Amino acid sequence: VKERSSESITAALERWFAERARDLPWRQPSVRGGYAALVSEAMLQQTQVSRVVVAFVAFMARFPTVADLAAADEQEVLAAWTGLGYYRRARHLHAAAKVVVAAHDGEVPADLESLRSLPGVGRYTAGAIASIAFGKRAAIVDGNVARVLLRLRGRDMGSDEPQAQRWAWAEAERLVEASTSPAAFNEGLMELGAVVCTPRSPDCDACPLSQRCVANAQGTTATIPRPRKTTARLTVHHHAVVVRRGARILLEQRGDDGLWASMWQVPTIESAAPLGIAGLRKRLTERGVVVDELSATGAFVHLTTHREVRFHVHRAKSTQRRGDWVAPANALERPMSAAMRRIVAMT
Ligand code: SF4
């Protein structure tokens, strides 16, 4: 099967995107620009579009400009991120807004190098902002885009293999160079990967590139990209203890790094193997949490991309005053993981 010219591909995709683009809030002419692109791209990493739509509108109402975001309190920014998960992105976005104000006069920069120096902005996000908000000929490759390009050109590789990544970036560069509008082409490519050229059941009949696609012609859409090797998730045990003193429960904040960074939680002891009551009490005491009547109340499993977190939920009482004691309803107003919300809501 002969490869089709870059120009014929980009023209077909841009035409399709102009007709079929979903009406998403960050595509509105009234909000479109560097700041909207920065916020929407941060939200879209690892979160479904339907969730991002609601969060984006609320976030932009709360922080209408990059200066408003830069001046906000971190807890407020994290609270506005509720429902999106992966809170590290919110902290990066907040830090990026501060850099934009301090180093770029409050205007999101348009060049790739300055964009990439912003916290949380990698090659993909920089390319997306430069092309979508500023019309630059900058390439973008994420999992969706790599899949579309590998199929389109019939490359039999796994989309996250380094060799496939190198090839996909080079191909994306060639195509964006050939495009009429880098913004429409890149957005069209992302849109195609999200709604037509999906991982398991690409709708080739509805695809504007079907006549130009090698995998479609060869019937290899089911095997390109090559399935990734699954790596086993690491199992960790989180012993979450709802400690009461009267009507209040004890909260603590997680560290700055790692899973659920800076989120709030009930005292939680993490270990590689499950702990019995005596072991758990000892670990709590070492952490300065002295409890009575410690007992197990339930367990559930929470899966993240890389971990299987086994929650062992406990309850206990305490008379100590030290620590952050709050009413359960107020506790839920703090930034918390979905799993921790579930535990606090059960109390
Ligand atoms: S024709 Fe099918 S496999 Fe090829 S790009 Fe379109 S949806 Fe993907």
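The values are calculated or read from the model by the stated rules, or taken from the named source; none is laboratory data. Because the structure is a prediction, the values reported are computed rather than measured. As a convention, Cβ positions derive from the backbone with ideal geometry for all residues, glycine included, and neighbour counts pool all protein chains shown. Areas reflect the complete protein model, heavy atoms only, side chains present, ligands, DNA and RNA absent. Shrake-Rupley method; radii C 1.70, N 1.55, O 1.52, S 1.80 Å.
Could you tell me the accessible area of residue 115 in Å² (1.4 Å probe, neighbours in place), rounded to the nearest ten?
0
Pop out the ³J(HN,Hα) list for region 55-67 in order, Karplus 6.51 cos²θ - 1.76 cosθ + 1.60 with θ = phi - 60°, rounded to Hz; leave Gly and Pro as x.
Here the 3J(HN,Hα) series is 5, 4, 4, 5, 5, 5, 5, 6, 10, x, 10, 4, 5 Hz.
Below 15 Å, Cα to Cα, which aspartates and glutamates can residue 317 reach? Residues fewer than 8 away in the same chain don't count.
Reachable aspartates and glutamates: 292, 293.
Please determine, in degrees from 0 to 90 and to the nearest 10, the orientation of helix 277-286 with respect to the longest principal axis defined by the Cα atoms of the chain, where the helix direction is its Cα long axis.
Relative to the chain, helix 277-286 is tipped by roughly 90 degrees.
Tell me the accessible surface of residue 116 in square angstrom (1.4 angstrom probe, heavy atoms of protein chains only), to the nearest ten.
Rounded to the nearest 10, that gives 130 Å².
Could you report the chain's accessible area per residue, 1.4 Å probe, as an integer in Å²?
Ligands and nucleic acids excluded, the figure is 49 Å² per residue.
Straight distance only, please: which aspartates and glutamates reach the Cα of residue 136 with their own Cα at less than 20 Å, same-chain residues fewer than 8 apart left out?
Filter leaves 7, 14, 41, 107, 111, 113, 171, 173, 177, 187, 191.
For region 47-180, what % of the accessible area comes from carbon and sulfur atoms, probe 1.4 Å?
52
Would you please calculate the Kirkwood hydrodynamic radius of the chain over all C-alpha pairs and express it in Å, rounded to one decimal?
22.6
Out of the total accessible area of region 261-347 (probe 1.4 Å, heavy atoms of protein only), what percent is carbon and sulfur?
54
Please identify, among 193, 276, 120, the residue showing maximal mean-square fluctuation in a Gaussian network model of the chain using a 10 angstrom Cα cutoff.
With Cα springs under 10 Å in the chain, the top fluctuation among 193, 276, 120 is at 276.
Quick check: from the Cα gyration tensor, does region 138-204 come out rounded (a/c under 1.5), prolate or oblate?
Taking the square roots of the gyration eigenvalues as a ≥ b ≥ c, region 138-204 is oblate.
Most fluctuating residue of 99, 196, 301 in a GNM of the chain with Cα springs under 10 Å: which is it?
Top of the fluctuation ranking is 301.
At 1.4 Å probe size, with no ligands or nucleic acids counted, give the accessible surface of residue 306 in Å², nearest ten.
130
Provide the percentage of antiparallel DSSP beta bridges, counting only those with both residues in the chain; round to the nearest 5.
Around 65 percent of the beta bridges assigned by DSSP in the chain are antiparallel ones.
Of 113, 14, 161, which has the most accessible area and how do the rest follow, probe 1.4 Å?
113, 161, 14
Less than 10 Å Cβ to Cβ from residue 324, Lys/Arg counted +1 and Asp/Glu -1: what total charge do the surrounding residues give?
Local charge sum for residue 324: +2.
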